[in-house]
1. State, as an integer percentage, the relative contact order of segment 133-281 based on alpha-carbon contacts under 8 Å between residues 6 or more apart.
2. I want the local charge near G116. Using Cβ-Cβ distances under 11 Å, sum +1 for each Lys or Arg and -1 for each Asp or Glu among the other residues.
3. Would you please classify the overall shape of segment 154-193 from the alpha carbon gyration tensor, given that a ≥ b ≥ c denote the square roots of the eigenvalues, rounded means a/c under 1.5, and beyond that prolate means a/b larger than b/c while oblate covers the rest?
4. Report, largest value first, the span of the C-alpha coordinates of segment 111-265 along each principal axis, in whole Å.
5. Which lysines does K291 reach when only Cα atoms under 20 Å apart count, and residues fewer than 8 places away in its own chain are ignored?
6. For labels at E269 and W240 in the simple 7 Å Cα→Cβ model, what's the distance in nm?
7. Over the chain, how many percent of alpha carbon pairs lie in each 10 Å bin up to the one with the longest distance?
8. For the chain, can you list the cysteines whose C-beta has no other cysteine C-beta under 4.7 Å from it?
Amino acid sequence: MVLKVENILERFPLRVSITDNCNLACFFCSNEGLGDSRNQVSIAPDDFRYLVGTLRNYGLEHLSLSGGDPTAHPKALEIVQIANQSGVPNRFYHTNGILLAKDGLADALGEFTKVGVSLHNTDPQRYAQITGGRASQYEKAIDGLRALAEKGLAKKVEVKHVTVKGMNDDLESLRGTLDLCAQYGFKFKFLNFEAIHSNQVPLVQDVRVIKQRVEALGAISVPERGSTFRGQTDYLPVSWYSYKGTNGVVIDVGCGRPEVCRSCHDSNEIYVTPRLGIKACKMSDHEIPLKEAIERKDSESILDAVLESRRFLESQPGLGKNHWGQR
């Protein structure tokens, strides 16, 4: 691997988990590989501003905000405004959608490139089973999606559906997500569930089955929009589909498989935890600290950490693991 930091920042998104706060308890949630830590820490706006500004100066092209749930950050709107002012051209937001209506957040997200909303089912009872949420939270998530559509942002919205065997991988559940997206013009994204604990491995559905089922529902496979994934050709996890006038994908995450681990350093995001560390592999406990470098305004150390994270991924730390709890 020969990558300069400028190449890395141009090709790979910086994904920042701005908080580990979340108002749901999805049983399959890996908390971005951080385990059971919840509601303990949120990134300070000034630290976020310096980190993003530094990396933008060296060519950062893609910025993703996640959590926990980023809407649960105590200063969620300020963080979004900093992102909007950063100069990073492509900005993504990953949320469960429940708090999209708070504090003018939906309006600020209108300047983002994409807003991903994790729903997983359009039946309130199944939603509650999967997310640990209440019917009122489901309605707020749907209201948040409608609000984005009413603001003319439907084409920026991507509804996420993590498929869990025997829970929401059936035709009825898949159809519900497809039809919701077709109704409002949202994109859809189906992802195969990756087990967190060993006892969840039987709940993993083969992505080929999901593809067969969405095709049985009328989704039409469309040609690949490109022959690369974040600039590389060895691992192409995305299959594109069209359904009733809208588009979407089925994604095979594949962590632990040889072909995926082999390509990870050449495709994976730069993931920063709420503790301000780069966690290159979510199946590993290894974390490269950034907090002191940010406090010192030491841009060189931050760039060195980005390069170190790629070298760590090259060692394939997740190889052969079939659930996220393996360390």
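The values are calculated or read from the model by the stated rules, or taken from the named source; none is laboratory data. Keep in mind that what you see is a predicted model, and the values were worked out from it rather than measured. Here the Cβ is made from the backbone with ideal geometry for all residues, glycine too, and neighbour counts use every protein chain on show. Side chains are part of the model used for accessible areas, which takes the heavy atoms of the whole protein and leaves out ligands, DNA and RNA. Shrake-Rupley method; radii C 1.70, N 1.55, O 1.52, S 1.80 Å.
1. Relative contact order, segment 133-281: 19 percent.
2. My count for the surroundings of G116 gives +4.
3. Oblate.
4. 42, 37, 31
5. Straight-line reach from K291, under 20 Å: K75, K279, K282.
6. Placing both labels 7 Å beyond Cα along the Cβ direction yields 2.1 nm.
7. Taking every Cα pair in the chain, the percentages come to 6, 26, 37, 26, 5, 0.
8. C22, C181, C255, C261, C264, C281
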